[in-house]
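First the structure, in the form of structure tokens, and then the observations on it.
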Amino acid sequence: MTVLGLGGSLSAADLGSELEVVRDPARLPGASQVVLSYSDAVERIQDSVVTVLTEAAAEEVREDEASKSKLPRFDLGEEMEESLPKNRGNGSGIIISKSGYILTNHHVVADAAKITVRLRTSEDELAAVVVGGDPIFDLALLKVEAQDLAPATLADSSNVRVGDVVLALGSPFGLEQTLTMGVVSATGRSTVGLIRNGLEDFIQTDAAINPGNSGGPLLDGLGRVVGVNTARYMGENIGFAIPINLALKVAEDLVQYGIVVRGYLGIRYAELAASELKKAGVPTGRMGIVITDIMAASPADKAGFQPGDVILEVNGRKIRSGTHLRLVLASKAPQAEVSINGLREGQEISWKVLLGIPPEVEKYQAQTQPSGLEVFPGLRVMMLTDALRIKLKLTDVREKRVLIAQSYPAGAAQKQLQEGDQLLAINGQSVSTIDQVQKIFSDPEATRFMLKVVSQDKTTYQLITRS
């Protein structure tokens with residue numbers, strides 16, 4: 001399957017196996033019933049919940065974890081500080097595929113130098129690769145190599161209702177497989193302010209979500225995942241989870257594209273006071289946003305939007321704010337058609353819009369398709385970028401590195417340098433820039449070059465000779 005937006009012949013296989021998940025979209029039974037135990041539901045999910053362990057680089061040990069939290073209102077708690085080494089943290093994760101994909105929160109693994117995962121059925125820790133992270137929604141996707149993993153069953157979070165019984169499962173304070181229970185207190189919470197510069201569409205619950213629960217599942221009464229636990233608010237009995245429908249869309253994008261691809265409309269907008277909205281013809285009590293500018297050749301331009309138009313609804317959902325509009329569009333994929341209702345000079349108007357591919361995808365394409373520089377006949381190198389790290393599934397890489405840009409046969413045994421191998425040193429000299437590599441190979445007196453490389457997480461040596 002060709003991956004749209006990444007150019008050329010890059011396919012989903014280049015980014016890893018496609019994401020195959022287990023889904024059960026059926027609604028919960030409507031009739032009230034007495035439930036004396038949720039043991040069966042919990043047993044179905046337990047093997048799908050993992051503990052995510054992280055280590056920070058020694059020079060990045062945090063003196064005050066709470067003050068530097070990615071979620072400023074996330075209460076880490078003094079107990080957390082005392083129970084973990086200063087350079088080690090923990091969270092939770094959800095196995096969503098037999099092939100080893102695990103959902104967690106971005107803030108759990110952000111800036112970690114090393115990430116491992118522990119299954120319920122084993123004391124061993126599995127090395128985890130960050131497939132990709134999305135700070136906008138505070139989600140990350142990990143990958144581990146293991147056999148016979150048990151994927152969780154994912155529900156349809158659009159069916160979640162206030163009053164539904166929910167269970168939170170994870171590793172709060174390092175206490176693995178801890179279960180708490182509550183109900184859904186609200187849905188669609190989007191102005192909480194937990195994710196800095198991000199988009200929020202939380203399920204609110206009074207089920208206890210404590211430090212270490214982040215990234216674990218919020219379950220319905222049947223043991224199906226309805227959300228990814230993210231944070232607790234400063235206060236009692238207020239916790240938030242990201243709906244699983246949104247989390248799954250992010251995961252699928254990270255597997256297919258390497259980044260999260262959000263539907264692109266191509267407008268700038270302003271939020272007006274109620275009095276100004278009334279002047280624009282917006283009915284009393286309704287909200288909306290006013291278009292101030294339109295990007296040339298964008299989907300909005302092609303659909304006929306004009307500055308001054310007021311957007312009231314997208315696919316029947318009333319737009320409350322500019323942030324809410326961004327959230328609605330972000331949940332749609334490029335090439336999706338949406339219906340938008342609004343006003344033009346006080347008169348009702350509607351548009352059918354085919355969303356586009358956002359500019360960041362083009363930027364990502366440029367980052368992941370470099371030609372590299374030929375420093376020796378047939379040997380091309382390039383600098384590591386965040387986009388390439390995600391594409392090539394490179395782990396434990398934080399500093400600048402020079403990468404092999406294409407496979408190159410080396411040595412008498414016809415071993416190969418593989419695309420993505422990290423070049424550490426040549427003839428005993430450490431290299432961290434292409435200029436350094438080029439300088440060594442340009443020495444006319446040198447005929448033998450011993451390359452120290454990291455290939456598939458193993459350090460090896462390859463000899464290249466000049467004929």
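Structure data summary
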read-out	value
Residues of region 283-324 classified as over 29 Å from the mean Cα position of the chain (by Cα), of a type in the set (Val, Ile, Thr) and open to solvent by 10 Å² or more (accessible area, probe 1.4 Å), total	3
Any hit, region 270-284, residues being without any contact (Cβ under 8 Å) to a residue 12 or more places away in the chain and on the phi > 0 side of the Ramachandran plot	no
Given (1) under 30 Å from GLY132 (Cβ atoms); (2) not in a strand (DSSP E or B), index of the condition LYS278 fails	(1)
Filter result for VAL108 (among the β-branched types (Val, Ile, Thr), in contact with a strand residue (DSSP E or B) (Cβ under 7 Å, 6 or more places away or on another chain) and crowded, with 24+ Cβ neighbours inside 10 Å)	yes
When residues of region 211-261 are limited to those that are in contact with a strand residue (DSSP E or B) (Cβ under 6 Å, 6 or more places away or on another chain) and among the polar types (S, T, N, Q), the one surrounded by the fewest Cβ atoms within 10 Å (Cβ to Cβ)	ASN213
Failed item in (1) modelled with pLDDT of 90 or more; (2) of a type outside the set (S, T, N, Q); (3) closer than 17 Å to THR230 by Cβ, with GLU43 passing the rest	(3)
Strands (runs of 3 or more DSSP E) completely within region 124-210 that count 3 or more residues being touching a strand residue (DSSP E or B) at 6+ places or on another chain (Cβ under 9 Å) and touching a residue at least 40 places away in the same chain (Cβ under 8 Å)	125-134, 139-144, 165-170, 178-189
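Here's the yes/no breakdown for (1) of a type in the set (Lys, Arg); (2) surrounded by 19 or more Cβ atoms within 10 Å (Cβ to Cβ):
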{"position": "ARG118", "(1), (2)": "yes, no"}
{"position": "THR121", "(1), (2)": "no, no"}
{"position": "ALA128", "(1), (2)": "no, yes"}
{"position": "GLY132", "(1), (2)": "no, yes"}
{"position": "ASP138", "(1), (2)": "no, yes"}
{"position": "GLU145", "(1), (2)": "no, no"}
{"position": "ALA152", "(1), (2)": "no, yes"}
{"position": "SER158", "(1), (2)": "no, no"}
{"position": "VAL165", "(1), (2)": "no, no"}
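The values are calculated or read from the model by the stated rules, or taken from the named source; none is laboratory data. Only a predicted model underlies this, so the values are computations on that prediction, with no experimental measurement involved. Using ideal geometry, Cβ is built from the backbone for each residue, glycine included, and neighbour counts are taken over all protein chains shown. When the accessible area is computed, the model is the full protein with side chains, heavy atoms only, and any ligands, DNA or RNA have been set aside. Shrake-Rupley method; radii C 1.70, N 1.55, O 1.52, S 1.80 Å.
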